[in-house]
Amino acid sequence: MTEANSLALLPPSGSYSDHKIKVLMVDDQAIIGEAVKRMLADEKDIEFNYCQDPTKTFEFVEKVGPTVILQDMVMPKITGLDLLKDYRGKEETKDVPVIILSTKEEPKTKAEAFSLGANDYIVKLPDKVELIARIRYHSSSYIHLLQRNEAHKIIVESQEHLLRELDKAAAYVQSLLPEQFKGSVDAEWEFIPSEHLGGDSFGYHWMDDDHLAIYLLDVCGHGIGAALLSVSAMNVLRSQAIPNVDFKSAKAVMEGLNKTFPMESNNNMFFTMWYGVYNKKKKELTYSSGGHPPGVYLKAAGGHEELATPGLVIGGMPDIDFFEETIKVKKKDRLFIFSDGVFEIMVQKENGRVWSYAELIEAFKEGVEKNGNEGMVDFIIKRITKLQGARDFEDDVSLVQFTFN
């Protein structure tokens, strides 16, 4: 599966049908129909359609596709209440708003209309301003429903297709991971996908000769949705595709991502994130995090720091502030960033107790004592595999090491 094909399966913003407000008036009195037509004549965005013969109502429905129906109550051959029952019993009209227009003002009549599914009741002839307002209100609600249904249909079709391509999708996600490299900064990593397609992604790239972007994110949950959100966020980071955001500013990137990926627009999914920028010329690492495990910074001279800043998950709340901090980088210092799958594992010999972040830190220290600067990624992966008793993890395991030369 190509990157373009996988992302094209989701509907782009603004791709839904453009639904115009369409009024269908059903009333046997032509003079009433003409009066309402004149009321709406100046409203360029409202299309008026009139049906004088109630027995032909559904022919008009099929032809017009109304977003609201203005329905008379007393008519020959068939009553407005009978039509109301028919509207609610047919698939094409069961959700279309119906406004009863009647000369009857009795509460009992109104109650009966509402019990049969009427959305509104107006004694005719109403004031022009009021009628237009009600038409717009009910049409807007129905149009939003149509767009939600379109979106749901597109998403369901997308998910059905993607489920059939799950293995290819998993391979594609892994194919996006960066190459390991050596140079002024060495980068090496281990990625072990969970049994189900997960939401871990990470990357790094030189933005110019002096600035290296470093990032790792973890989308909540598993499956196609989590993977697609992860891929989308990674594409934004790699292409620096957030307008008016300086990608050399960790704080600005976090705030830009938070605005770009609100959970309300992503099936209530959010992600944790660690983002850093290494300035080779200044020998500084500036970083910011949002709900993510702290990065572990092992100093060549001894000791370590846990690198995290205050910040909520990305997409959780709009317009929140993120923060950044900077540390000085010395030769042969190492930075480790990882997802929570590295330490939230079930310890097999201790009745499934969950390992902790603090125990991971101790494992890093032990690795330094045993191996010095070599093989730390492999050491940690072997440790957690042994603790769990298998290499099949419930969550994605992502561990990335950077050595500053």
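The values are calculated or read from the model by the stated rules, or taken from the named source; none is laboratory data. In this text, all values refer to a predicted model and were calculated from it rather than measured experimentally. When we count neighbours, we look across all protein chains shown, and the Cβ atoms used for this are built from the backbone with ideal geometry, even at glycine.
Residues of the stretch 247-263 that are closer than 17 Å to residue 208 by Cα and among the hydrophobic types (A, V, I, L, M, F, W, C): 247, 250, 253.
The set of residues in the stretch 188-236 being touching a strand residue (DSSP E or B) at 6+ places or on another chain (Cβ under 7 Å), surrounded by 23 or more Cβ atoms within 10 Å (Cβ to Cβ) and not hydroxyl-bearing (Ser, Thr, Tyr) consists of 199, 200, 202, 214, 216, 217, 218, 219, 226, 229, 233.
Table: residues versus (1) within 37 Å of the chain's Cα centre (by Cα); (2) surrounded by 15 or more Cβ atoms within 10 Å (Cβ to Cβ); (3) among the hydroxyl-bearing types (Ser, Thr, Tyr).
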| site | (1), (2), (3) |
| --- | --- |
| 72 | no, yes, no |
| 98 | yes, yes, no |
| 107 | no, no, no |
| 127 | no, no, no |
| 134 | yes, yes, no |
| 140 | yes, yes, yes |
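β-branched (Val, Ile, Thr), over 17 Å from residue 173 (Cα atoms), part of a helix (DSSP H, G or I) and out of contact with any Gly (no Cβ under 9 Å at 6 or more places or on another chain): is that true of residue 231 in this structure? Spelling it out, it is not the case that residue 231 is β-branched (Val, Ile, Thr), over 17 Å from residue 173 (Cα atoms), part of a helix (DSSP H, G or I) and out of contact with any Gly (no Cβ under 9 Å at 6 or more places or on another chain). In the set (1) in contact (Cβ under 8 Å) with a residue 40 or more places away in the chain; (2) under 12 Å from residue 316 (Cβ atoms); (3) part of a helix (DSSP H, G or I), the condition left unmet by residue 264 is number (1).
Residue-wise test of (1) at pLDDT below 95; (2) under 16 Å from residue 99 (Cβ atoms); (3) out of contact with any helix residue (DSSP H, G or I) (no Cβ under 7 Å at 6 or more places or on another chain).
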residue: 121; (1), (2), (3): no, yes, no
residue: 124; (1), (2), (3): yes, yes, no
residue: 127; (1), (2), (3): yes, yes, yes
residue: 140; (1), (2), (3): yes, yes, yes
residue: 144; (1), (2), (3): yes, no, yes
residue: 147; (1), (2), (3): yes, no, yes
residue: 150; (1), (2), (3): yes, no, yes
residue: 155; (1), (2), (3): yes, no, yes
residue: 158; (1), (2), (3): yes, no, yes
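The residues of the stretch 280-305 that are within 19 Å of residue 362 (Cα to Cα) and of a type in the set (Ser, Thr, Tyr) amount to a single one, 297. Within the stretch 171-187, being out of contact with any Lys or Arg (no Cβ under 9 Å at 6 or more places or on another chain) and either of a type in the set (Lys, Arg) or surrounded by 17 or more Cβ atoms within 10 Å (Cβ to Cβ) (or both) holds for 172, 173, 182, 187. When we screen 381, 345 for residues that are in contact with a helix residue (DSSP H, G or I) (Cβ under 7 Å, 6 or more places away or on another chain), hydrophobic (A, V, I, L, M, F, W, C) and over 18 Å from residue 305 (Cα atoms), the only hit is 345.
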